[in-house]
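The values are calculated or read from the model by the stated rules, or taken from the named source; none is laboratory data. Since we're looking at a predicted model, the values are computed, not measured. Cβ placement follows ideal geometry from the backbone for every residue including glycine, while neighbour counts extend to all protein chains displayed.
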Amino acid sequence: MTMRLTCHCGAIELSIEPPEGLATARRCDCTFCARRGAAAISVPEDRLTIIKGAENLTLYQWNTRTAEHYFCRICGIYTHHRRRSNPREFGVNLGAIEGVNPRDLDPIPWVDGVNHPSDRKG
């Protein structure tokens, strides 16, 4: 199933084909996601296409710089991010998917981002 995702101002448009639809919806409590507040679904990197507005995407990274968080430079909406736990996968902003209201999926499960698997030693 192909879905369309846009930022608030419409400068960015993505096409996604999540193999599990909305079933992977989740929230994360890491320091960044807790502040951002957006629920996300999983999409393999080969199933996300930037249709328009690549020049309007802004990248934010910190710490290990593995995760890549993308935002619209015009309206500030988070669209997607490359996952640190699996860099071949994107987390996509559930609230930016056309026709999807995250409230309809409540309760959306939480993942323990505070104790991220990539931070565990041995």
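Of all residues in the stretch 39-62, those that are within 18 Å of Ser85 (Cα to Cα), in contact with a Gly (Cβ under 9 Å, 6 or more places away or on another chain) and not in a strand (DSSP E or B) total 1. The condition of being of a type in the set (Gly, Ala, Ser), surrounded by 12 or more Cβ atoms within 10 Å (Cβ to Cβ), within 26 Å of Val114 (Cα to Cα) and modelled with pLDDT under 95 holds for only one of Ala96, Ala25, Ala38, that being Ala38.
Among (1) surrounded by 19 or more Cβ atoms within 10 Å (Cβ to Cβ); (2) over 13 Å from the mean Cα position of the chain (by Cα); (3) modelled with pLDDT under 95, there is one condition Thr66 misses while meeting the rest; what is its number? If we test Thr66 against (1) surrounded by 19 or more Cβ atoms within 10 Å (Cβ to Cβ); (2) over 13 Å from the mean Cα position of the chain (by Cα); (3) modelled with pLDDT under 95, just (1) comes out false. Test Ile74 against the criterion of being under 11 Å from the mean Cα position of the chain (by Cα) and among the β-branched types (Val, Ile, Thr), and give yes or no. No; evaluated as a whole, the condition is false for this residue. Pairing each residue of the stretch 26-38 that is farther than 18 Å from Leu59 by Cβ with any residue that is small (Gly, Ala, Ser) and part of a strand (DSSP E or B), provided the two are 6+ apart or on different chains, yields C-beta distances under 9 Å for Arg26/Ala40; Arg26/Ser42; Arg26/Gly91; Arg27/Ala40; Cys28/Ala40; Cys28/Gly91.
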